[in-house]
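K.L.:
My structure is below; once you've seen it, I'll send some questions.
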Amino acid sequence: MKYILVTGGSRGIGRAVCVRLARIGLPVLINFKSNADAARETLSQVEAAGGRGELFPFDVADQEAVDAAIDKWEAEHPEDYISILVNNAGIRDDNVLFMMSDEQWKNVLDTTLNGFFYLTRRLLKHMMPRRRGGRIINISSLSGVKGLPGQVNYSAAKAGLIGATKALAQEAAPRGVTVNAVAPGFIETDMTAGLPKEELVKMIPAGRFGTPEEVAAAVAFLASDEASYITGEVININGGLYT
Ligand code: NDP
């Protein structure tokens, strides 16, 4: 059987992606780092939408934890494979560069970029043999497309993810695996909860923040059979913000 894996599925955009992708009819593995209650709420919403899911906790930034989780899953599912991977887990830890600590730089890069690397490398081994096919969708950001001041670490990580998307798309296309990214602008989640919303909204042509469901809709399209000839693309989802 095929499975879907969404990293950072416990909250925000990841939760909306889990609920939306459950409609495909495949079981959804809901990854998270520490917030089990929130992940259980995602699972409830997946089930309420008529889907199936399982919690799948591990820290994407910890290579040993990634390998241990996938090893265990493979041992328990010898006939199954993960055919849709959404690399969504991410953190931000903003500061101007000259004040940025080693930890702020390292933690943000580790979660977004190394997390992508550890997990995607492992799961490609499921997707590529015998042209079984697959979908990899990376959640980048406006910050990675345009660069945002105060976020040099986050912009670097998210821009790195776009470069990785474009390169891997060319490697994986001959095996029927597509690799795409979405780049959301300002979306209503815990990550943006502390931002000066009234000021920011003035810059957004659509006049509002986006919803996690609006991001999930684009992810669902890229995950669908209809998107089989789209690869190496970045879809901006930002209400018209200049990119
Ligand atoms: P939230 O802060 O609401 O949720 C983050 C999610 O990532 C949580 O599920 C969290 O798990 C998980 N997570 C964080 N670190 C790890 C880790 N090391 N291993 C596994 N899971 C982890 O974020 P959003 O929903 O807002 O963001 C989701 C993605 O979208 C991120 O990559 C973010 O950078 C990106 N994005 C968000 C935008 C926005 O405006 N909100 C705009 C552009 C991009 P737990 O609950 O256990 O902490």
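The values are calculated or read from the model by the stated rules, or taken from the named source; none is laboratory data. Since we're looking at a predicted model, the values are computed, not measured. No Cβ is skipped: glycine too gets one built from the backbone with ideal geometry, and neighbour counts run over all protein chains shown.
K.L.:
From the list VAL96, VAL86, which one is of a type in the set (A, V, I, L, M) and touching a strand residue (DSSP E or B) at 6+ places or on another chain (Cβ under 9 Å)?
P.N.:
Within the list VAL96, VAL86, the selection yields VAL86.
K.L.:
Out of the residues in the range 163-207 meeting the condition of being loosely packed, with under 12 Cβ neighbours inside 10 Å and among the charged types (D, E, K, R), tell me which one is nearest to the chain's Cα centre (by Cα).
P.N.:
That would be ASP190.
K.L.:
Could I ask something else about it? In the range 78-103, what count of residues is obtained for those that are within 22 Å of ARG132 (Cα to Cα) and either within 16 Å of the ligand (Cβ to nearest atom) or surrounded by 14 or more Cβ atoms within 10 Å (Cβ to Cβ) (or both)?
P.N.:
Here the count works out to 8.
K.L.:
Separate question: For the range 95-133, enumerate the residues that are modelled with pLDDT under 95 and farther than 30 Å from SER83 by Cβ.
P.N.:
If the condition is that a residue be modelled with pLDDT under 95 and farther than 30 Å from SER83 by Cβ, then no residue fits.
K.L.:
So, in the range 10-26, how many residues would count as being among the small types (Gly, Ala, Ser) and more than 10 Å from the ligand (Cβ to nearest atom)?
P.N.:
The qualifying residues number 2.
K.L.:
Further question on the same structure: For ILE30, work out the one condition from (1) more than 14 Å from the ligand (Cβ to nearest atom); (2) in contact with a helix residue (DSSP H, G or I) (Cβ under 7 Å, 6 or more places away or on another chain) it doesn't fulfil.
P.N.:
(1)
K.L.:
If you don't mind, there's one more thing I want to ask. I'm told GLY240 meets every condition in (1) over 20 Å from the mean Cα position of the chain (by Cα); (2) on the phi < 0 side of the Ramachandran plot except one. Can you identify the failing condition by its number?
P.N.:
GLY240 satisfies all of (1) over 20 Å from the mean Cα position of the chain (by Cα); (2) on the phi < 0 side of the Ramachandran plot except (2).
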